[in-house]
Structure formats: C-alpha cells, structure tokens
Amino acid sequence: MSDSDEPGSEKRRFARTALSLLVQYRFNTFEDFLAEYSVNLSAGGMFIRTDHPKAEGSIIYLQFSLKDGSRLVEGMGRVVRVNPPGVEGRVAGMGVEFLNFDDESMALIGEILASKNAKKS
C-alpha cells in the first residue's frame, strides 16, 4: 500500500506530489534542528519520513529550501498523522499540516508543486 492509497486519502483537501526535499524541523526553541526528507508535498502540508515521529497534535517549526538553496520556506506546522516505524507497507514518519506560513512561503510552495507537476506531464 502506498502513502496515497491509505484509507482516508480520498478525504484530502490538497493533491499530494511525490517530492524528496531535505526538511529541517524542531519542536521547541531549545532543541537543535532535526533533518529528514519529505516523501510528498501539497499546498496544505507534507509527509516527513522519520523513525522518530512526534505525537499527533505536536506543533513544529519547519524550514526547507529549493535544491539550489536560493529561497527558504519556513513556518509552523501541526502533526496530523503518524506512521510508526516497523509497520510493513507503510513509510515511517509524520504528516504535517501547514499552519503559519507567510504569503511568500506559500507562493514558493505553489511554484515548487507547479514545477514538479509540469515535469510529470
């Protein structure tokens, strides 16, 4: 079963685009940033591959940039789904809903998705 074939995928508000981006995140201002790769991205959130997901409802600070490092996207997100490690057929990690991203960051996410989807066509 792929991430998009999971029960409930038909309830998603935004289409997911497979995309591996290095994402840095932290859970409070006293922690160092952790770095993992995304599995997919949408206009409303992303799924981050990790063997150490935080609990549903956790608020995290996210930042990621274009592959060339030229522009940074950053904002707050909420963990809305957790796939624990060790479950066969599922990628371990956490689904994060974007909460507080500024207009520039949301526009850049839109550009990333449009660029990726144009390459598929």
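Could you identify the single residue in Val87, Val91, Val82 that is in contact (Cβ under 8 Å) with a residue 60 or more places away in the chain, among the aliphatic types (A, V, I, L, M) and surrounded by fewer than 19 Cβ atoms within 10 Å (Cβ to Cβ)?
Among Val87, Val91, Val82, only Val91 is in contact (Cβ under 8 Å) with a residue 60 or more places away in the chain, among the aliphatic types (A, V, I, L, M) and surrounded by fewer than 19 Cβ atoms within 10 Å (Cβ to Cβ).
Which of the residues that make up region 26-57 are assigned to a loop (DSSP other than H, G, I, E, B) and in contact (Cβ under 8 Å) with a residue 40 or more places away in the chain?
The answer is Ser42, Ala43, Gly44, Thr50, Asp51, Pro53, Lys54.
Taking the residues in region 94-121 that are of a type in the set (Val, Ile, Thr) and part of a helix (DSSP H, G or I) as candidates, determine which candidate is surrounded by the fewest Cβ atoms within 10 Å (Cβ to Cβ). Walk me through it before giving the result.
First pass over region 94-121, keeping only residues of a type in the set (Val, Ile, Thr): 96, 109, 112.
This time we only want the ones that are part of a helix (DSSP H, G or I), so: 109, 112.
Numbers: Ile109: 21, Ile112: 19.
By that ranking, first place goes to Ile112.
With Val23, Val73 as the choices, which residue is in contact (Cβ under 8 Å) with a residue 40 or more places away in the chain, out of contact with any Cys (no Cβ under 6 Å at 6 or more places or on another chain), assigned to a strand (DSSP E or B) and buried (at least 17 other Cβ atoms within 10 Å of the Cβ)?
Result of the check over Val23, Val73: Val23.
Every read-out reported here was derived from the displayed coordinates using simple, explicitly stated rules and does not represent laboratory data. What you see is a predicted model; the values in this text were computed from it and never measured. Neighbour counts are summed over all protein chains in view; Cβ atoms, including those assigned to glycine, are modelled from backbone coordinates with ideal geometry.
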